[in-house]
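Trainee: One structure, pasted below without further comment.
Every number in this text was worked out from the coordinates using simple rules, so none of it is lab data. Worth saying up front: this structure is predicted, and the values here are computed from it rather than measured. Cβ sites come from the backbone with ideal geometry, for glycine too, and all protein chains shown count toward neighbours.
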Amino acid sequence: SSRPSKQEVLLELVDDVISKERIDQKRLYVTGLSMGGFGTFSAVAARPEFWAAAVPVCGGWTPDEATLFTKTPMWLFHGDKDTSVKVQYSRDMNAAIKGVDGDIQYTEYPGVKHNSWLKAYWETDMWDWMFEQKR
């Protein structure tokens with residue numbers, strides 16, 4: 001038997017919590033920063049019709065898989081001076097998801113390096129937007 005991936009374990013945990021707690025399954029949100037930004041894309045790619053909204057911060061994914069992201073409203077954030085995760089990742093995903101009519105927003109912070117989450121997670125408009133989304 002092969003070991004489950006970290007993502008499979010995480011999604012099993014999500015399913016377990018949903019089965020045991022009073023959780024509104026129409027309002028499941030996913031966000032993460034840096035490697036967690038990639039993880040956010042990965043979680044949406046694994047379950048394209050599961051999340052109410054997704055907010056990847058300084059992450060990225062494969063633009064040719066853009067159609068996986070059309071059923072989940074997304075808001076991407078990235079600093080244009082990021083040397084750890086190239087800003088081009090978010091630019092490419094924003095363009096690719098827009099190109100397949102996805103519900104996508106993108107905020108790029110001029111002069112900001114890899115720590116764009118310090119700005120992104122203080123964006124009250126983002127939290128208001130996210131919590132308005134439901135399946």
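Trainee: Would you pick out the residues in region 50-106 that are part of a strand (DSSP E or B) and either charged (D, E, K, R) or surrounded by fewer than 19 Cβ atoms within 10 Å (Cβ to Cβ) (or both)? Even if it seems obvious, please write down each step before you answer.
Mentor: Initial filter on region 50-106 (part of a strand (DSSP E or B)): 53-57, 74-79, 104-106.
Scanning region 50-106 gives Gln105, Tyr106.
Trainee: Could you please find all residues in region 29-49 being buried (at least 19 other Cβ atoms within 10 Å of the Cβ) and closer than 12 Å to Thr72 by Cα?
Mentor: Val30, Thr40, Phe41, Ala43, Val44 - these are the residues of region 29-49 that are buried (at least 19 other Cβ atoms within 10 Å of the Cβ) and closer than 12 Å to Thr72 by Cα.
Trainee: Something else now. Which count do you get for residues in region 114-135 that are in a loop (DSSP other than H, G, I, E, B) and either surrounded by 14 or more Cβ atoms within 10 Å (Cβ to Cβ) or touching a helix residue (DSSP H, G or I) at 6+ places or on another chain (Cβ under 8 Å) (or both)?
Mentor: Just the residues of region 114-135 that are in a loop (DSSP other than H, G, I, E, B), to begin with: 114-116, 121-123, 133-135.
Next, from what is left, pick out any that are either surrounded by 14 or more Cβ atoms within 10 Å (Cβ to Cβ) or touching a helix residue (DSSP H, G or I) at 6+ places or on another chain (Cβ under 8 Å) (or both): 114-116, 121, 123, 133, 135.
The number of residues fulfilling the criteria is 7.
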